[in-house]
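The values are calculated or read from the model by the stated rules, or taken from the named source; none is laboratory data. Computed from a predicted model, the values in this text were never measured in an experiment. Cβ placement follows ideal geometry from the backbone for every residue including glycine, while neighbour counts extend to all protein chains displayed.
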């Protein structure tokens, strides 16, 4: 039986079932936008986040319209509502996916500010999510570190850039459009300024060039800010000496698997694949060099004095961990600190009991490379082979 939905004492609602559908199991938060609960959908059994808020009838249509439009936007950084339900006494129930992880404010409070690389990842994800909303005529309207969520998900791949050794994370935008419930106003320029402030407050080692761009995004005069979140991101990329690229997955670290070869016949597919890879890399490099730079009207600020680091750091994660690393024949230790260059270096990995590997490494950017060596299979003893042949004859 559905219980009353009065928000006078939200803690008393724990254990009740709302709309004959959602059983409220735990109070997560209570604030200006009602109360947020961890809940269980009684028919399918999945857990979700349920928000209960008092809603003026005049604001019902704008809010429900915005939530409906958000549900039609497909973006990895957006968490649209999966269900809405009008309860008694003008109470609105909004159900969204229940995420595992922590918000950005909690992350910074517990572990300190983000590094520049982590901050750029958050900026990229949030700029993309907000831009997707703005393209539909929608706004977030209340962006801060509490509704930027670092959601953990299970994956067979290695940790993501924000994983911290505990799994992959993606950056999600929560509570978009709730400002409509309070009859407030918001614009894309407001979202831009709010995002720039979050990055400025949450990242520890912002270079002066990026600080200048974030300051422009928060300029008191709206017309002096960037035309869009896309323009802001392009400017941020240019300030770091990088070309604008397409969307990147949250898990930025790939796995390099080097298969073993037990016979000469097994080596040919590997050689063919390696040759095809280098041909493809050459084609991509040639096409990339011929591409024209981004239009000047899309990027208002280009930091002329932005300095590109002359040194890159490449972290090698080896299996086995006792493997020895050689660069151009000289032994080195991980992490590798190399001068930034587009010229390939000869990388060799050796370990007792494993097949050695030789490859090329281009020190053009910071990254982590995982290398697993195949076990060396010792030749079968001659005596064992003769005994087996003798038994076959008998």
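Just to be sure before I move on: is residue 333 more than 24 Å from residue 121 (Cβ to Cβ), surrounded by fewer than 17 Cβ atoms within 10 Å (Cβ to Cβ), out of contact with any helix residue (DSSP H, G or I) (no Cβ under 6 Å at 6 or more places or on another chain) and at pLDDT below 85 in the structure I sent? Taking the combined requirement at face value, the residue satisfies it.
This table checks each residue for (1) in a loop (DSSP other than H, G, I, E, B); (2) closer than 18 Å to residue 149 by Cβ.
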| position | (1), (2) |
| --- | --- |
| 15 | yes, no |
| 26 | no, yes |
| 48 | no, yes |
| 52 | no, no |
| 61 | no, no |
| 69 | no, no |
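Within the stretch 107-118, does at least one residue satisfy the condition of being free of Cβ contacts under 8 Å to residues at least 60 places away in the same chain and over 25 Å from residue 240 (Cβ atoms)? So far as the stretch 107-118 goes, yes, one or more of its residues are free of Cβ contacts under 8 Å to residues at least 60 places away in the same chain and over 25 Å from residue 240 (Cβ atoms).
Being closer than 23 Å to residue 202 by Cα, part of a helix (DSSP H, G or I) and touching a residue at least 40 places away in the same chain (Cβ under 8 Å) holds for only one residue in 179, 131, and it is 131. Cβ-Cβ contacts under 7 Å between residues 6 or more apart (or on different chains), taken from a first residue in the stretch 26-38 that is in contact (Cβ under 8 Å) with a residue 40 or more places away in the chain and at negative phi to a second residue that is loosely packed, with under 14 Cβ neighbours inside 10 Å and outside any strand (DSSP E or B), are absent. None of 338, 316 is surrounded by 15 or more Cβ atoms within 10 Å (Cβ to Cβ) and closer than 19 Å to residue 373 by Cα except 316. For residue 121, the criteria (1) within 23 Å of residue 230 (Cα to Cα); (2) in contact with a helix residue (DSSP H, G or I) (Cβ under 6 Å, 6 or more places away or on another chain); (3) modelled with pLDDT under 95 hold in every case but one, which is (2). Pairs meeting the criteria (first residue in the stretch 234-249 and at positive phi, second residue at pLDDT below 90 and not in a helix (DSSP H, G or I), beta carbons under 7 Å, at least 6 apart or on different chains) are 241/306; 241/308.
Among the residues making up the stretch 82-98, those that are free of Cβ contacts under 8 Å to residues at least 40 places away in the same chain and under 17 Å from residue 44 (Cα atoms) are 82, 84. Filtering the stretch 108-144 to residues that are under 17 Å from the mean Cα position of the chain (by Cα) and within 25 Å of residue 69 (Cβ to Cβ) leaves 122, 123, 124, 125, 126, 127, 128, 129, 130, 131, 132.
Residue 114 falls short on exactly one of the conditions (1) out of contact with any strand residue (DSSP E or B) (no Cβ under 7 Å at 6 or more places or on another chain); (2) more than 22 Å from residue 180 (Cα to Cα); (3) buried (at least 19 other Cβ atoms within 10 Å of the Cβ), and that condition is (1). Of the residues making up the stretch 28-46, those that are outside any loop (DSSP other than H, G, I, E, B) and modelled with pLDDT of 85 or more are 28, 29, 30, 34, 35, 36, 37, 38, 39, 40, 41. Within the stretch 91-111, if we keep just the residues that are touching a helix residue (DSSP H, G or I) at 6+ places or on another chain (Cβ under 6 Å) and assigned to a helix (DSSP H, G or I), the residue that is surrounded by the most Cβ atoms within 10 Å (Cβ to Cβ) turns out to be 104. Any idea how many residues of the stretch 73-90 are more than 20 Å from residue 127 (Cβ to Cβ) and part of a loop (DSSP other than H, G, I, E, B)? Of the residues in the stretch 73-90, 2 are more than 20 Å from residue 127 (Cβ to Cβ) and part of a loop (DSSP other than H, G, I, E, B). The test for being over 30 Å from residue 240 (Cα atoms) and outside any strand (DSSP E or B) holds for residue 65. Checked against (1) crowded, with 20+ Cβ neighbours inside 10 Å; (2) under 23 Å from residue 137 (Cβ atoms); (3) modelled with pLDDT of 90 or more, residue 187 meets all criteria but (1).
Residues in the stretch 218-227: is at least one at pLDDT 75 or above, closer than 25 Å to residue 171 by Cβ and not in a loop (DSSP other than H, G, I, E, B)? No: the stretch 218-227 contains no residue that is at pLDDT 75 or above, closer than 25 Å to residue 171 by Cβ and not in a loop (DSSP other than H, G, I, E, B).
Matching residues to (1) at pLDDT 55 or above; (2) surrounded by 14 or more Cβ atoms within 10 Å (Cβ to Cβ); (3) within 28 Å of residue 171 (Cα to Cα):
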{"site": "231", "(1), (2), (3)": "yes, yes, yes"}
{"site": "246", "(1), (2), (3)": "no, no, yes"}
{"site": "252", "(1), (2), (3)": "no, yes, yes"}
{"site": "267", "(1), (2), (3)": "yes, no, no"}
{"site": "276", "(1), (2), (3)": "yes, no, no"}
{"site": "279", "(1), (2), (3)": "yes, no, no"}
{"site": "283", "(1), (2), (3)": "yes, no, no"}
{"site": "306", "(1), (2), (3)": "no, yes, yes"}
{"site": "325", "(1), (2), (3)": "yes, yes, no"}
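Counting the residues of the stretch 211-229 that are over 19 Å from residue 133 (Cα atoms), without any contact (Cβ under 8 Å) to a residue 60 or more places away in the chain and buried (at least 21 other Cβ atoms within 10 Å of the Cβ) gives 1. Annotation: of all residues in the stretch 26-36 being out of contact with any helix residue (DSSP H, G or I) (no Cβ under 7 Å at 6 or more places or on another chain) and under 14 Å from residue 14 (Cβ atoms), the one that is surrounded by the fewest Cβ atoms within 10 Å (Cβ to Cβ) is 26.
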